[in-house]
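> Let me give you the structure first, and then I'll get to my questions.
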Amino acid sequence: MKIKILSILFFSLILTGCPFDGDDGQTGPAGPEGKAGPQGDAGPQGAAGPAGSNGINCWDLNGNSVNDTDEDVNGDNAWTAADCVASVSIPQNPDAEHNFHEFCKAFAELGKYPDGCPSSTHATPTGTLTQMNRSLFDSSNSACGGALSIDSTSYPGEAYWVLQGGFIADTEVIAVQDRNQCETKCANDNRCIAAHFCRECTTPPSSGQCTTFYHSDTIPDYEHVCGIDIAGFQASEFCLDVSAEWWVTCP
């Protein structure tokens with residue numbers, strides 16, 4: 001009996017001095033990445049930013065955001081896109097300007113009639129010098145039996161005045177308030193077939209250029225840009241809106 005008890009105590013002591021857990025092993029490889037969770041709710045909308053500054057209207061030549069008198073190009077007391085005419089002032093017939101008629105007259109006295117000058121059988125068109133307006137133009141944008149028309153097909157995005165057989169006889173700078181003097185100047189010259197007052201052809205805008213025209217039966221038609229296409233407006237509309245700046249001899 002004593003031997004049995006001693007044996008039990010002996011093995012109990014041995015087992016008490018031996019740990020049951022071994023050393024930790026190496027860390028195993030990472031497992032596969034899990035699926036993404038559902039998207040969270042949208043956050044609240046941020047505060048609105050400050051309002052941007054107003055843009056500049058196309059007729060506001062000096063950018064001061066004021067409807068200045070000289071910016072009402074067509075004189076209708078309304079500042080609209082109709083006042084945004086093209087500022088290009090290059091005629092498409094530069095070989096017949098200013099003193100050209102004096103050269104032609106000198107040649108004619110010598111019995112010579114070079115191309116561009118009126119021929120020996122030429123006669124200046126006659127009729128009534130008439131101030132143009134939109135109502136005088138037909139559906140094809142022609143007025144006075146074709147003496148003055150608007151060409152909006154030859155040059156994409158642009159429209160041109162076309163004066164039949166016209167060439168520049170003289171130019172003069174006139175104050176805007178005196179622009180009717182342009183009509184008077186033509187009316188007092190029996191060779192003048194038309195006059196045009198161009199406000200955007202000079203600076204400052206308080207004045208404009210008065211151009212008077214003579215006629216030749218051997219020269220290409222006079223052309224001058226009068227409008228360009230912009231969003232919502234066709235070039236020919238700009239021309240019609242400033243047509244009152246023309247005086248043309250209508251049969």
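> Give me Rg/Rg_expected for the stretch 200-240, where Rg uses Cα atoms only and Rg_expected = 2.2 N^0.38 Å with N residues. Present the calculation step by step, with values, prior to reporting the outcome.
Working: Rg = 14.2 Å, N = 41, 2.2 N^0.38 = 9.0 Å.
After normalising by residue count via 2.2 N^0.38 Å, the value is 1.57.
> Between Gln131 and Glu172, what is the spin-label point distance in nm, taking each point 7 Å from the Cα along the Cα→C-beta axis?
Taking the simple label geometry, Gln131 and Glu172 are separated by 1.8 nm.
> Quick check: residue separation of Thr80 and Ala47 times 0.36 nm, minus the Cα distance between them. What number comes out in nm? Kindly include the intermediate steps, with their values, before the conclusion.
Working: separation 33, 0.36 × 33 = 11.88 nm, distance 3.52 nm.
Gain on stretching Thr80 to Ala47: 8.4 nm.
> Taking the simple approach of a point 7 Å from Cα along Cα-to-Cβ for both His122 and Asp189, what is their distance in nm?
1.4 nm
Read-outs throughout are calculated quantities, based only on the coordinates presented, and are distinct from any laboratory measurement. Keep in mind that this is a model prediction, so the values were computed, not measured. As a convention, Cβ positions derive from the backbone with ideal geometry for all residues, glycine included, and neighbour counts pool all protein chains shown.
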